[in-house]
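The values are calculated or read from the model by the stated rules, or taken from the named source; none is laboratory data. Just so it is clear, the structure is predicted and the values come from calculations on it, not from any experiment. So basically every Cβ, Gly included, is an ideal-geometry build from the backbone, and we count neighbours across all protein chains shown. Note: areas computed on protein heavy atoms with side chains; ligands, DNA, RNA excluded. Shrake-Rupley method; radii C 1.70, N 1.55, O 1.52, S 1.80 Å.
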Amino acid sequence: MRFARTLQLLLGAALLPLAAATSAAATPRHPDPRLDPAAVVRIQLEALAHNDKPSADAGLGVVFSFASPGNREHTGPLEHFVAMIHATYGQLLNYRSAHLSKLVMQDDQALQGVELVDRKGQTARFVFVLSRQTEPPYAGCWMTDGVLPQPDDADKQEM
Amino acid sequence: MRLRLLILLSCLFCACAAQAREQTFKLGSMQVTAWSPDQPPPGKLPVLIFSHGLHGCDVQSRALTQAFATAGYLVFAPNHRDASCNGGTTPWFEGTELMFLHPEQWTEATYRNRADDVRRLIAGLYDDERFRDRADWSRLGLVGHSLGGYTALGLAGAWPAWKLPGVKAVLALAPYSHPFTVQRTLGGLGVPVMYQCGENDFAITPIVAQAGGSYEQSPQPKYYVEFAAAGHLIWTNSDDTDRRAVLAYSLAFLNHYVKGEPANALLTQRLSGVAQLRFASELGNSDAAAANGESR
């Protein structure tokens, strides 16, 4: 907790207040052509931060709804997706705070770097890969093709 | 057979119970971390060069590099220009990642600086009095994670202009092999290769494992190990999962093809926690065996 507060102090306004950014009632929590890539990432991050509200893994349900059709081919259905995230990317669940890098966009593709402090107080980095869909029913919607974890030098592993 | 495997695993882990010495130093302007056995066996040691992933760093896979050293290797890991930890100053996210979405546009010039780092490292170590009498350069292996896997595969011949003479084997850990696969250059690999991937690493694993993918395009001898419920970082410090099987398969491969030890059973046996093991080598062909209805 102290680490997260220190980080907040150090980064100041650079730490995105995710709840404030996405709590507007008008913001849809499903794919919508009005949502830009940054908004899509923020909605997912907000859902992940409170994964078990209002029910267990409700947040992952939101995240899965933003998975692109190509992504779902590998990760779906939802039950498999939930099990996979718990088994492999647990740091994303119920994290404490997140910092978003500048969004990078080229044509119909976008990358969003996210640095978060997980529920154990450890820092983890991910890159969200998004693309604008061209086929119905999601034509024009930005959706997530994948989330790539990035390595760091903190020792958490022993062999 | 199961008992024999357990004994084999125990032996591998006994070997790693010893300690390794870690030292970080500068070679010209390049930061390098080296691991060596605390109690080295007599004679010169085989050498492994470890190439880190994009925005990783020399020590990003310390548990693995350390374990290689305790198993009797001299291990060297450079900080490439894109390193973002342990002294690496490149911002961890700078937008250049977009190029990873277009592997068909990659050429031998793409990340050539990483190949040059490895060449400079080897040239520098030849002359370095700390290591020159301890390193057996006739037994050289390349290990790389993610973009480091791209670097290692390129140096092993996937980019012909990069080809590094004297390499005995390549251990490619969740390698970014997309450019070689879409451009069909993996036929240029001139040494044994082991691909290791994570079942849940959807950015990498399908490209390596799919029909016509990196594994299938690679010449023999070749191995493919896919770890169950694993993501992109199980080979790094960022993942705290127990991955002893990663080390076991890595050493089974390196000990055989770099050290020159007899092949051990693990190279053709699927341990618990391994979703998939494929091989085509002097030890057999798992795909042919599967087609004939044999099970391993």
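Table: residues versus (1) modelled with pLDDT of 95 or more; (2) over 20 Å from B:Lys259 (Cβ atoms); (3) open to solvent by less than 60 Å² (accessible area, probe 1.4 Å).
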site	(1), (2), (3)
B:Val47	yes, no, yes
B:Gly56	no, yes, yes
B:Gly88	no, yes, yes
B:Trp106	yes, yes, yes
B:Leu121	yes, yes, yes
B:Tyr126	no, yes, no
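So, in the stretch B:200-236, of the ones that are out of contact with any helix residue (DSSP H, G or I) (no Cβ under 7 Å at 6 or more places or on another chain) and buried (at least 19 other Cβ atoms within 10 Å of the Cβ), which residue ends up modelled with the highest pLDDT? Per the stated criteria, the residue is B:Pro221.
Looking only at the stretch B:25-54, residues that are within 14 Å of chain A (Cβ to nearest Cβ), out of contact with any Gly (no Cβ under 8 Å at 6 or more places or on another chain) and either of a type in the set (Phe, Trp, Tyr) or within 12 Å of B:Asn79 (Cβ to Cβ) (or both) come to 2 in all.
Which is of a type in the set (D, E, K, R), touching a residue at least 12 places away in the same chain (Cβ under 8 Å), at negative phi and within 14 Å of chain A (Cβ to nearest Cβ), of B:Asp58, B:Asp128, B:Asp136, B:Asp117?
Numbers: B:Asp128 fails: within 14 Å of chain A (Cβ to nearest Cβ); B:Asp136 fails: within 14 Å of chain A (Cβ to nearest Cβ); B:Asp117 fails: within 14 Å of chain A (Cβ to nearest Cβ).
Unique residue meeting the criteria: B:Asp58.
Filtering the stretch B:88-114 to residues that are polar (S, T, N, Q), closer than 12 Å to B:Thr151 by Cβ and not in a loop (DSSP other than H, G, I, E, B) leaves only B:Asn113. All conditions in (1) more than 14 Å from every other protein chain (Cβ to nearest Cβ); (2) open to solvent by 10 Å² or more (accessible area, probe 1.4 Å); (3) over 20 Å from A:Cys141 (Cα atoms) hold for A:Lys120, with the sole exception of (1).
Looking at A:His86, A:His80, A:His74, which is the one that is part of a helix (DSSP H, G or I), within 9 Å of chain B (Cβ to nearest Cβ) and under 30 Å from B:Ala209 (Cα atoms)? Reasoning before the result, please.
Numbers: A:His86 fails: within 9 Å of chain B (Cβ to nearest Cβ); A:His80 fails: within 9 Å of chain B (Cβ to nearest Cβ).
Result: A:His74 is the single residue among A:His86, A:His80, A:His74 that is part of a helix (DSSP H, G or I), within 9 Å of chain B (Cβ to nearest Cβ) and under 30 Å from B:Ala209 (Cα atoms).
Here A:Leu78, A:Leu103, A:Leu130, A:Leu45 are screened, and the one residue that is touching a residue at least 60 places away in the same chain (Cβ under 8 Å), open to solvent by 40 Å² or more (accessible area, probe 1.4 Å) and out of contact with any Asp or Glu (no Cβ under 6 Å at 6 or more places or on another chain) is A:Leu103.
Can you tell me how many residues within the stretch B:266-296 are within 21 Å of the chain's Cα centre (by Cα) and surrounded by 14 or more Cβ atoms within 10 Å (Cβ to Cβ)?
Applying the first criterion (within 21 Å of the chain's Cα centre (by Cα)) to the stretch B:266-296 yields B:266-271, B:273-283.
Among the residues that remain, those that are also surrounded by 14 or more Cβ atoms within 10 Å (Cβ to Cβ) are: B:266-271, B:273-281, B:283.
The qualifying residues number 16.
With respect to B:His178, is the statement that it is at pLDDT 95 or above and within 14 Å of another protein chain (Cβ to nearest Cβ) true? Here the answer is yes, as B:His178 does meet what is asked.
From the list A:Thr134, A:Thr144, which residue is more than 30 Å from B:Asn79 (Cβ to Cβ), more than 7 Å from chain B (Cβ to nearest Cβ) and in contact with a Ser or Thr (Cβ under 7 Å, 6 or more places away or on another chain)?
Answer to the selection: A:Thr144.
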